[in-house]
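Each reported figure results from applying straightforward, stated rules to the coordinates on display, with no laboratory input. All of these numbers come straight from a predicted model, not from anything done at the bench. Cβ: placed from backbone, ideal geometry, glycine included. Neighbour counts: every protein chain shown.
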Amino acid sequence: TGAPRPAKASFSFQEVAHGVDADHHVASGYNADILIRWGDPVVPGAPAFDPMNQTAEAQSKQFGYNNDFVGYAPLPLGSRSPDRALLCVNHEYTDEEVMFPGVGVEQQKDKFARMTKALVDIEMAAHGGTVVEIRKVRGKWVTVADSRYNRRITGETACAITGPAAGHALMKTSYDPTGTMVRGMLNNCSGGMTPWGTWLSAEENFNGYFWGKVEDTNPNAKVLKRYGFPGEWYNWGVHHDRFDIAKEPNESNRFGWIVEIDPYDPTSTPKKRTALGRFKHEACQIALGKDGTVVAYTGDDERFDYVYKFVAAKKFDPRNRAANMDILETGTLYVAKFKADASVEWLPLVHGQGPLTAEKGFPDQATVLINARLAADALGATKMDRPEDIEVNAVTGKVYVILTNNSRRKPEQVDATNPRAENNWGHIVEILPDNGNHAATKAEWTILVRGGNPADGTVGAQFHADTSANGWFSCPDNAAVDHRGRLWITTDQGENWKKASGTADGVWAVETEGNLRGLSKMFYRVPVGAEMCGPCFTTDDKTLFVAVQHPATDGVDQWEGFKGKLSSFEDPATRWPDFKPNMPPRPSVVAITKKDGGVIGL
Ligand code: FEO
Ligand code: CA
Ligand code: CA
Ligand code: CA
């Protein structure tokens, strides 16, 4: 009839208030229980966590640091079990100053001097991922200590290099002359789960692990610069030659990929899927077409970088898991061009097409994929405000592209899709695929919300007018869509939290359809210095798992509750979640359930 649909809220919970303190907070009527913390035993036989006597050997069997992505793989395989599963968790990076006694000092240079090989090896063991069996027993989630599925993947675990770049000259190193096997996965931020029951883990800021001088005469200098090498966030290159670019020039080409892991086979080798391109992958989310077409969306989290999708050549077969296990080996990678007329054009990264020729520096498809950023530059893709998670709504067919912020966008650089200069608050772009066909090369786009305080006229925020003083957020990062098609957003404001919002990060529920579209409500809040990661629902939507990452680190000096300037192992801004005198803050996965046992948010 054309009459507006009546406003009916999808979410009925009492909001958490904006704020910052040492603890976490969830909406009233809900429990937020710690499921697993950094250092907790994972592999059967792992020792208990002893913060004063850490070793790489112990860490390689215990839950790693900085949990980010959380995935739910129901047990048994192929079921939709709401109370038994394998939890798949990424361990993105490490914070030495709050992990290790005696390391937290203000000068980065000094910190590196204190980072001995023994400590670096603990850090490498704290990276990667965890698979751990979990069960819901009398309404509470527990980990299963002796499960045969429990496993740790670390910065030293052998990973296969598969797809078009496997075995290429640019992938060969002194310790792997075949270019097909690399030690470890690094900076695995967010990810995704596939319809065939595998876990996609996204290697993000891999440049930060590399050390060493890049001479101007280095034939690869242009590529190394475009990827931010050497990042020198860590001093691993001092203790391990493979992280020194001057000593092992190709090792850097072997990180920055989507890694596919079969959590149901603890002996399986993780596979780096080179067909999906090499860049700072934030996440990887699959859209499944009715005919079995598989499309993987993935963003490159850098200021002015791009949104990509991969269209697999093979279709998903629900009756034949083995036939699905290598779907991500072959297909076409595209990069997005967002146009002012509200259309999206997907541009193929295919050797020989357009500017991607040998004369222009792309002699083969492997080089196009290894240097995907340069290929996308050549194609004229749209430079975005840091693409973080991309979430597919299986109920509505829409795709949410989370753009976290871009303080460096100048007024002359704004465009329709990235409309604010000095964007400290981020926004969410919605892609509407053509006729619901995710594989199509055309789509439409629109903006769902623009972060920041709607009450501050200088910010240019955009939320539904009924959004409360606690309902708006800044710097969206990860997202989850529950099985009712409702969108949940988590934030990562970093050092910028005070300026961006003044509240700690958290979880917000956002209306996406009908008259209340853009109405947002705060559901959960992290302790000071943390970021909110990994929102993940069980198959019955009665549990929401969230990952509290790096408590007591980001911007703690701006919190009046902390008298110090920089958190350290000895004097952290919070000792969440244990609050025990000699226990450092610990990144943890939290299970949120409703006290009446009902569906989250209803
Ligand atoms: Fe690791 Fe883009 O966040
Ligand atoms: Ca993170
Ligand atoms: Ca992130
Ligand atoms: Ca982030």
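Relative contact order for the chain: what is it in percent, counting Cα pairs under 8 Å that are at least 6 residues apart?
It rounds to 16 percent for the chain.
For segment 204-255, run through the trypsin sites (Lys or Arg not before Pro) and keep only the ones in DSSP coil with at most 10 other Cβ atoms within 10 Å of their Cβ.
Loop-located and lightly packed - Lys213.
Let's test the formula: R0 of 45 Å, r as the Cβ-Cβ distance of Asp466 and Asn582. What FRET efficiency results, to the nearest 0.05?
E between Asp466 and Asn582, to the nearest 0.05, is 0.45.
Hey, what's the Cα Rg ratio for segment 1-159 versus the globular rule of thumb, 2.2 N^0.38 Å?
1.33
Cα centroids of segment 412-434 and segment 217-287: how far apart, whole angstrom?
Segment 412-434 and segment 217-287 have Cα centres separated by 28 Å.
How long, wide and thick is segment 197-253, going by the Cα atoms along their three principal axes, in whole angstroms, largest first?
Principal extents (Cα only, largest first): 46, 26, 17 Å.
With a bin width of 10 angstrom, please list the P(r) values of segment 390-481 as percents of all Cα-Cα pairs, from the 0 bin to the one holding the largest distance.
16, 43, 31, 9, 0
Which loop trypsin sites (Lys or Arg not before Pro) in segment 32-93, with loop taken from DSSP, have no more than 16 other Cβ atoms within 10 angstrom of their Cβ?
Counting only loop positions with at most 16 other Cβ atoms within 10 Å, the trypsin sites (Lys or Arg not before Pro) in segment 32-93 are Arg80.
How fast does segment 52-112 diffuse by Stokes-Einstein, in µm²/s, taking the Kirkwood radius from C-alpha pairs at 20 °C and 1.002 mPa s?
148
With 22 Å as the cut-off, how large is the P(r) tail for segment 155-310, expressed as percent of Cα-Cα pairs?
When all Cα pairs of segment 155-310 are counted, 41 percent exceed 22 Å.
So who's got an amide H within less than 5 Å of the one on Thr467, skipping anything under 5 residues away but keeping other chains? H placed 1.01 Å off N, in plane.
The list, which skips near neighbours in sequence, is Ser520.
Counting other C-beta atoms within 10 Å, which of Ile447, Ile402 has the fewest, and how do the rest follow?
Result, fewest neighbours first: Ile447, Ile402.
Compute for segment 315-366: radius of gyration divided by Kirkwood radius, i.e. Rg/Rh, restricted to C-alpha atoms, rounded to two decimals.
Taking Rg over the Kirkwood Rh, I get 1.15.
Quote the Stokes-Einstein diffusion coefficient, in whole µm² s⁻¹, for segment 442-583, based on the Kirkwood radius over alpha carbon pairs, a temperature of 4 °C and a viscosity of 1.567 mPa s.
It comes out at roughly 79 µm²/s.
Can you tell me what share of the DSSP beta bridges in the chain is antiparallel? A percent to the nearest 5 is fine.
95
Shape call for segment 113-204 from the C-alpha gyration tensor, a ≥ b ≥ c root eigenvalues: rounded (a/c under 1.5), prolate (a/b greater than b/c) or oblate?
In terms of gyration-tensor shape, oblate.
Assuming 0.36 nm per residue, please report the length gained on full extension of the stretch Asp265 to Asp571 beyond their Cα-Cα distance.
Going from the current span to full extension adds 106.0 nm.
With a cut-off of at most 13 other beta carbons within 10 Å, and DSSP calling the residue loop, which trypsin sites (Lys or Arg not before Pro) in segment 273-303 qualify? Please list them.
Those that pass, being in a loop and sparsely packed, are Lys290.
With n ≥ 4 as the cut-off for DSSP H runs, can you work out [θ] at 222 nm for the chain, using -39500 (n - 2.57) per run divided by the number of residues, rounded to the nearest 500?
Rounded to the nearest 500, the figure is -2000 deg cm²/dmol.
Considering every Cα-Cα pair within segment 287-343, what fraction, in whole percent, is farther apart than 19 Å?
Tail fraction, whole percent: 41.
Taking only the alpha-carbon atoms of segment 470-526, what semi-axes of the equivalent ellipsoid follow from 5 times the gyration tensor eigenvalues under a square root, in whole Å, largest first?
Each semi-axis is √(5λ); the values are 21, 12, 8 Å.
How would you rank His127, His168, His483, going from fewest to most other Cβ atoms within 10 Å of each one's own Cβ?
The most exposed by this proxy come first: His483, His168, His127.
For the chain, what does the equivalent ellipsoid look like in terms of its semi-axes, each the square root of 5 times an eigenvalue of the Cα gyration tensor, given largest first in whole Å?
Value: 31, 30, 25 Å, ordered largest first.
When the Karplus curve 6.51 cos²θ - 1.76 cosθ + 1.60 is applied with θ = phi - 60°, which whole-Hz ³J(HN,Hα) does each residue of segment 28-36 get, with x for Gly and Pro?
For segment 28-36, the Karplus-derived couplings read 5, x, 10, 9, 10, 10, 5, 9, 8 Hz, x marking Gly and Pro.
Can you sort Asp262, Asp377 from fewest to most other Cβ atoms within 10 Å of each residue's own Cβ?
Starting with the residue having the fewest Cβ neighbours, the order is Asp377, Asp262.
Would you kindly state the longest site-free stretch of the chain, with sites defined as GluC sites (Glu not before Pro) in a DSSP loop (not H, G, I, E, B) surrounded by at most 11 other Cβ atoms within 10 Å?
Answer from the scan: 216-559.
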